[in-house]
Every structure is written in structure tokens, then in C-alpha cells.
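Input: a single structure, listed below in C-alpha cells.
The values are calculated or read from the model by the stated rules, or taken from the named source; none is laboratory data. None of the values given here were measured: they were computed from a predicted structure. No Cβ is skipped: glycine too gets one built from the backbone with ideal geometry, and neighbour counts run over all protein chains shown. The area values use the complete protein model at the heavy-atom level, side chains included, leaving out ligands, DNA and RNA. Shrake-Rupley method; radii C 1.70, N 1.55, O 1.52, S 1.80 Å.
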2 protein chains.
Amino acid sequence: MIFFEDTKLGERHTLGSFTFTADAIKTFARAYDPQAFHLDEEPGRRSVFGGLAASGWHTASVYMKLLVAYLKDLAEAAEARGEAVAQSGPSPGFKNLRWPRPVLAGDTLTYTYEATAMRPLASRPEFGLVLGTTTAVNQRGEMVFYFENSVFLPRRNPVV
Amino acid sequence: MIFFEDTKLGERHTLGSFTFTADAIKTFARAYDPQAFHLDEEPGRRSVFGGLAASGWHTASVYMKLLVAYLKDLAEAAEARGEAVAQSGPSPGFKNLRWPRPVLAGDTLTYTYEATAMRPLASRPEFGLVLGTTTAVNQRGEMVFYFENSVFLPRRNPVV
């Protein structure tokens, strides 16, 4: 987690990349989304996806894995500089989650976050509200995952 | 998947129930959301969740698991009656996904789907559009998961 004051409108944060191997796709699908086109190559090829395709929830779960690692790195860097580390809290949820294109076996996705609006909160001076979008693109630059979210970030120096 | 004609406004479909054991919570968290309050009891208790809490993406992935099993049962029942089976397709995404309360170790969630609006499509007579909400409540009846989605369902007898 970062502080409200460290967030800049329009600054793009690359959260990380992940390659969806056939094994990773099948392992997730067996546990959480056992549809034929997520479990095996041949039904995948015959489906509208045109190949073994990752579950949309797998794409979303990998986002979370990369976000947690990214925030951990930021926290460790802040600690190394002797700075305060912002605590992570619950997420209120998401808006307009989209999977515009399939993620096929072998695809490498890169996830990026960008803050699109932010404001201090008069009612809760210890927090600021940040709206943002997260996207994932594949190795051809095609968007395959998108959502909007809002988050309350702690203020570094609360105005109380 | 079901046909457009089999969908009734306001009819509630119980997709199934799932108990989030500590083991299941930790296994998902290690793979996809390794934050301390999802990984161990003690940090969970000290967190705003007040206990070992399931990742929100775990709650969502279990929804998918139950939905797939529910649709498989419907398809098998239709097949047994000698009826046509509607084919499942890609999901365009979700709106307003919410996790209003934590899911703690030992909680049993029950997931329910309800269609809230539906209409035939003039431009694509082989499909109908259905809007719906999915919710999960815990053993105390408290809502812990919510989203809205839209889906194109095939028509049993396309008007072409």
C-alpha cells in the first residue's frame, strides 16, 4: 500500500508480468473453473477461444499476486529509506471488470495501474480517495483484462 | 448454460454452498494473494478483518466453481430429458463487484443468482440479453459478495 500523497494522476505503474503456461491454466481450472476449454487443448481449439484459454478468474487472481509483490517491494524500499510504511486494508470492490480477449496458453500478460482521479476526504481527513484503472495486455499489446476501482489511501500527514 | 426462454425474472437460483476452511483459505492465498491476513490466523486476528480472512478473489473463484457445477447438472438433466443443451460462451465481464464483509475461516457461503432484466435482441435474433445479480451470504445470512453481470443466452427457437 502507498500513501495518498505518493499517488500521481496519470502515472503508470507496471505491476509485473506473468506467462500463462498450459500447466498453470489447467491447475487453476481444475480447482475453480473446470470448463472443458480451460482444462484441455482440444476442446479449447474447438471453442470460440481458439485454444486452451485461461479462466477469467485466473487472470484476475494473477493480478492480485503481482499487486501484492509490487506493494511489498514498495514497502521494503520505503522501510530501507527509514520512511513510514502505509498499511494495506480491505478492498471495497471493483467496477466494470472486463475480459475483452482470451488469454491462451503461452501468452505473457503485463499488468499496469494508473490513477485517474483523486481527492482528499473532508469527512475522513486521515484518508484520500483514489480512482484508478488496471489493465493487462498480452505480448502483442492487446488488452485482455480491465477494471476500474476506488481505494481509500492513508494520508502521510493527516490534517486533523 | 441455459436458454433465454428458460430464464425467469426474479426466480432465484441457489448455485451451491462452500465452507472456507483455514486450509482452503491459506492454499489460495499462497498461490494468488499472499497477504499476511490471508495466510495466518494471528495476523488475521490483528487485522481489520478480525480473523483469518479469505482473499476476495478466492470468494469469486469459488463462485465460478459452483456455477460450473450447477450448469453441468442442468445440462445433464436436459440431456436426460432428451432436450437440447445450450452451449456456454465467453463472459463479457462484470459490474460493481463488492465484498461488503470479510469471509473468515469456517464460514459457509451460499451463492444465489437472480435475473433482474431481460430482452430479446433485434440485431442478433439467436440471442437474448439477461442482466442479473449474484450474491453470497454467510451462515448468519450476511451478504459478503455481490456483483451484477450481463450475459447473452442462446434462444431455444431463434426467430430468424
Can you tell me which residues in segment B:38-50 are at pLDDT 95 or above and within 20 Å of A:M64 (Cβ to Cβ)? B:H38, B:L39, B:D40, B:P43, B:G44
Taking A:P100, is it surrounded by fewer than 14 Cβ atoms within 10 Å (Cβ to Cβ), at pLDDT 90 or above and at negative phi? yes
Against the definition (within 18 Å of A:Y70 (Cα to Cα), under 18 Å from the mean Cα position of the chain (by Cα) and open to solvent by 20 Å² or more (accessible area, probe 1.4 Å)), how does A:T110 come out, yes or no? yes
When restricted to A:K65, A:K72, the only residue open to solvent by 40 Å² or more (accessible area, probe 1.4 Å), at the interface with another protein chain (Cβ under 8 Å from one of its Cβ atoms) and of a type outside the set (S, T, Y) is A:K65
Would segment A:53-61 turn up any residue that is at the interface with chain B (Cβ under 9 Å from one of its Cβ atoms), of a type in the set (A, V, I, L, M, F, W, C), more than 20 Å from A:N138 (Cβ to Cβ) and touching a residue at least 12 places away in the same chain (Cβ under 8 Å)? no
Taking the stated definitions as given, is A:L9 modelled with pLDDT of 95 or more, farther than 15 Å from B:A31 by Cα and among the hydrophobic types (A, V, I, L, M, F, W, C)? no
Taking interchain pairs and intrachain pairs at least six residues apart, which have beta carbon atoms under 9 angstrom, with the first residue in segment B:110-121 and over 10 Å from B:Y63 (Cα atoms) and the second hydroxyl-bearing (S, T, Y) and not in a strand (DSSP E or B)? B:Y113/B:Y70; B:A115/B:T7; B:M118/B:T7
Examine segment A:135-145 for a residue that is at pLDDT below 90, of a type in the set (K, R) and more than 13 Å from the chain's Cα centre (by Cα), and state whether such a residue exists. no
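Being within 26 Å of B:T59 (Cα to Cα), at pLDDT 95 or above, among the small types (G, A, S) and open to solvent by 30 Å² or more (accessible area, probe 1.4 Å): is that true of A:A54 here? Quick ask: steps written out before the conclusion?
Numbers: within 26 Å of B:T59 (Cα to Cα): yes; at pLDDT 95 or above: yes; among the small types (G, A, S): yes; open to solvent by 30 Å² or more (accessible area, probe 1.4 Å): no.
Answer is no for this residue.
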Go through (1) in contact (Cβ under 8 Å) with a residue 40 or more places away in the chain; (2) out of contact with any Pro (no Cβ under 6 Å at 6 or more places or on another chain) one by one and return the number of the condition A:A86 breaks. (2)
